[in-house]
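To keep things clear, I will list the structure first and then write my remarks on it.
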Amino acid sequence: MLNYQADLSSVDHWSVRTPVQKEMDSRTAERPDQDRLHWKSCKLIGACRRFGQHGNWRNSCGCAELTEAVEALRTALALVEDVKAEQIHWAGTQGNLALAQRRLGDVTDDLPTLNTARQGYGACEALDYKTDSPFSWAVLQWNIADLALARYRLDPDPAVLSEAKTYVTAARAFFVDGSDYQTERCDDLLGKIKTAEAAQP
């Protein structure tokens, strides 16, 4: 699945392939170097996530794997010759780059890296692929909300917290009709946002 989002790897029937995604799958053999780098980075991000599942995420994942994932994804993106023609594939890779930067910025307490991740997600938003790939679009909304909460931890701007709430609400509106797992993740994030709101001065 070329538009795989490592942080939301447990998918259900919402992940049924669209015609656009199937077309991208059929062209995998045309760009082996790009896909090899993409999947390498996904495995690195996924491994970091698994290391942190039963403990503190921020204390469990080393920076080396995330830094390697960032570089692999940047290289993969540079191999895309026509973003418009391959926007689903490009958005998946760009989304995973932003995800890796989000994790790296979180474990290193580096706000500029988190802001760079937000710019990357913004580039995905600009492609407006909600119709062609609604599941990936909803994942993007969740990831932007999750990133906003990480940014808020380092820079408690109420506007960022509001952004988190807006995006996760949009994600939940999609997931609630078909994915209990993803809906629970949205509810968990909404709970964290509510806690942060209650702690505001």
The stretch 111-124 - phi-based ³J(HN,Hα) in whole Hz, Karplus 6.51/-1.76/1.60, Gly and Pro as x:
4, x, 5, 5, 5, 5, 4, 5, 5, x, 5, x, 5, 5
In nm, spacing of pseudo-spin labels at Lys194 and Glu71 (7 Å Cα→C-beta vector):
4.4
Whole-Hz Karplus ³J(HN,Hα) for the stretch 184-190, in order, using 6.51 cos²θ - 1.76 cosθ + 1.60 and θ = phi - 60°, x for Gly and Pro?
4, 5, 5, 5, 4, 5, 4
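What's the local net charge at Leu127, with K and R +1, D and E -1, over the other residues with C-beta under 11 Å away?
Numbers: positive: Lys84, Lys130; negative: Glu86, Glu125, Asp128, Asp132.
After counting each charged neighbour, the total is -2.
Report the semi-axes of the equivalent ellipsoid for the stretch 68-179 in whole Å, largest first, where each axis is √(5λ) for an eigenvalue λ of the Cα gyration tensor.
Working: eigenvalues 96, 80, 21 Å².
The equivalent ellipsoid of the stretch 68-179 has semi-axes of 22, 20, 10 Å.
Going by the alpha-carbon gyration tensor, a ≥ b ≥ c the square roots of its eigenvalues, is the stretch 120-201 rounded (a/c under 1.5) or, if a/c is not under 1.5, prolate (a/b greater than b/c) versus oblate? Walk me through the intermediate numbers first.
Values: a/c = 2.88, a/b = 1.42, b/c = 2.02.
Oblate, since a/c reaches 1.5 and b/c is not below a/b.
Any read-out appearing in this document is the output of simple, stated calculations on the displayed coordinates, not a laboratory observation. Model, not experiment: these values are computed from the prediction. When we count neighbours, we look across all protein chains shown, and the Cβ atoms used for this are built from the backbone with ideal geometry, even at glycine.
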